[in-house]
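Notes follow once the structure below has been shown.
A short reminder: the numbers here are calculations on the coordinates, not readings from a lab. These numbers were taken from a predicted model, which means no experiment stands behind them. Please note: Cβ atoms are built from the backbone with ideal geometry, for glycine as well, and neighbour counts cover all protein chains shown.
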2 protein chains.
Amino acid sequence: MNIKLNSLVKTLELLMKEKFSIANYKKGILDDDRMILSRAITLIESSLSADRKNASTLIKSIFPHTGNAYRIGISGIPGAGKSTFIEALGKHLTSQGNKVAVLAIDPSSKISGGSILGDKTRMAELAKNEMAFIRPSPANSTLGGIAEKTYETILLCEAAGFNYIFIETVGVGQSETEIYHLTDLFLLLMITGMGDELQSMKKGIMELADIIVINKADGENKENASKTALEIKQVLHLFASGKSKQEPVLTTCSAKENTNIAEIALLLENFKETSITSGQWAQKRTTNARQSLLREINHHLQTDFYSNTFIQKNLKKIENEVAKGFITPQAAAILLLKNYKAKK
Amino acid sequence: MNIKLNSLVKTLELLMKEKFSIANYKKGILDDDRMILSRAITLIESSLSADRKNASTLIKSIFPHTGNAYRIGISGIPGAGKSTFIEALGKHLTSQGNKVAVLAIDPSSKISGGSILGDKTRMAELAKNEMAFIRPSPANSTLGGIAEKTYETILLCEAAGFNYIFIETVGVGQSETEIYHLTDLFLLLMITGMGDELQSMKKGIMELADIIVINKADGENKENASKTALEIKQVLHLFASGKSKQEPVLTTCSAKENTNIAEIALLLENFKETSITSGQWAQKRTTNARQSLLREINHHLQTDFYSNTFIQKNLKKIENEVAKGFITPQAAAILLLKNYKAKK
């Protein structure tokens, strides 16, 4: 208790100063100081250029302590029961001595910036659990930006010693492909009775899944859930011919009644073991690293281009010429690029 | 009949040769020769670098003949009745002497490349109509690629004299923002009874809409459709405070029974007139042109980067170092960019 109080006082002292030093951030994260971890994530989410520079240095300094968590993407449409499911699974995993971080990503409305996920009060019990850490992501980032910042947040959580990291997204097809490239396993939460057409709409997302769980398999809905699981299995098998990816494992659960949750935790462990043995684990991590690199390249290419003196001076003018139809967007882009490369 | 036969023979002769010349393409398009228009779109959709070059020259040459169509984005989830609606609206518009092009974009499954849209047999009657032209887009393009190629396809159709161009997407939130930036008006097709949560999921898309049409307002469903329209209107009004964008117009229709279709065509015309008078029309076109330019810049930046000799030689090596955790993706990207700029 005394040690905790000491640590709190120290953190408060640091908070009085405007900014932590990178060394302070690093030490706090490695000590799993949640207040410092939270502030570090806020630093990473900032788009101020000074913050970006510090974030980059911080990531570099904690990088040797990363890579050890099981990164799990969880997706499902609103109403599939994602919060309840993650809370049930999280409680089970922490009871087994695991440290669980939940990063919730909300790709909602670009215009109003409104959130459909709400905040961490959604997982009230897990939020109070000392072995767990819940962090909602800001709603108004760009799509590519979400992946970039989520990747860095995963690294911070790994450095803080979390060994299970859940990345939660709303399954509307927008960010699933990105999340797929950040994680070791992709779990899709579904429910019965969504209608044939909505199910078929989600085929692309289902194909990304390693595990598909039909939730709300309780009461009168239990039999239906099993039937839906079987149907999906058959559909996916039909489409699977010639694909290199393993077909997803299908199962059901009731997060509300805590049924089959321990079994799903076991499925996760089995997937990891099989995947490590077969070499797929390492291969996926390599692919993911490559994706991160390509994302960073794209980001830095754009930053460098738009901060170029010639571009800053002439972009507006060329934009107007494109708008007036004097020049095609393509010809204008080629012209700008030529000047960008000539005049640094 | 004879003239048509002549034109057909000439087209066939041209088809015997490997490629058309750009001048042939241009003439064919300006003459609204559908076979040549189709081949030109295929050229634009190609990613071969020789084809890209020809496509670019072609776009430049027809560019002075573009910009005159009413570009309309139409979106809705599977089951909303998009095909029937577009067929009904298209038939009405062509009967009034308009030339209507329909570009159908399918953002489905990346892994299997499967299509959920089917092909133009969906709009059988409109497909046979000489005043109409229906073109489905390939399913396996990247998201940004879809917008780029759709923009160029719009230009080709405008050069061929189409004055209404419908761009149809499946409303799952993936491509709506991109289509919004390609069009003058965004029409969202909805149905009743989708469930509260699914409706709220679509709030982001609804906010983009200029017109929202509740389809299948027929038989017993008629009253419900009007009720849904009213509810959506109220929800959007609630969220609209402080936004610069006009609230969407709400209406109902039955595409199947051809009810209220002529009225919707009139709504489209009214929107255009009001929008031109207020200056919003020109403003949106300017914003759209800017978006096209930014897309092209991004495309050309990436193409130039990855074709650079140093990058081609060293990317693989650096990728491996990132995968092994020797260097962060960000540090690697900065290193690559530095060398890219130094060694052309």
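For the reader, a short list of remarks on this structure follows.
- Peptide A:319-327 shows a mean partner chain C-beta count of 5 within 10 Å per residue C-beta.
- Restricting the calculation to Cα atoms, segment A:212-319 yields a radius of gyration followed by a Dmax of 23.1, 67 Å.
- For A:298-307, mean number of other protein chain Cβ atoms within 10 Å: 5
- When peptides B:154-161, A:22-29 are ranked by their average number of other Cβ atoms within 10 Å per residue, the highest-first order is B:154-161, A:22-29.
- Mean-position separation - Cα centroids, segment A:240-301 and segment B:268-344, in angstrom: 29
- Label 7 Å beyond Cα on the Cβ vector: B:THR303 copy-to-copy distances, nm: 2.6
- Cβ-Cβ distance of B:PHE326 and A:GLU223, R₀ of 35 Å, FRET efficiency by 1/(1 + (r/R0)^6): the value works out to about 0.10.
- Distance between the modelled labels on A:SER307 and B:ILE276, one decimal in nanometres: 4.5 nm (7 Å Cα→Cβ projection).
- Qualifying trypsin sites (Lys or Arg not before Pro) for segment A:225-320 [loop in DSSP, other Cβ within 10 Å: at most 16]: A:LYS243, A:LYS245, A:LYS256
- Sorting B:46-54, A:122-130, A:31-39 by their mean Cβ neighbour count within 10 Å, with the most densely packed peptide first, gives A:31-39, A:122-130, B:46-54.
- Extension gain, B:LEU8 to B:ALA127: 0.36 nm times the residue separation minus the Cα-Cα distance gives 40.9 nm.
- Too-long pairs where the Cα-Cα distance tops 22 Å, listed order kept, from A:LYS338/B:LYS338; A:LYS313/B:LYS341; B:LYS149/B:LYS272: B:LYS149/B:LYS272
- Inter-copy separations for B:GLN96, label at 7 Å along Cα-Cβ, nm, ascending: 6.4
- Sorted shortest first, the separations between the A:ALA23 label point and its copies elsewhere in the assembly read 7.5 nm; each point sits 7 Å from Cα along the Cα-to-Cβ line.
- Separation of the A:ASP31 and A:LYS317 label points, Cα + 7 Å toward Cβ, nm: 5.6
- Partner shielding of A:286-296 amounts to 6, given as the average count of beta-carbon atoms from other chains within 10 Å of each residue beta-carbon.
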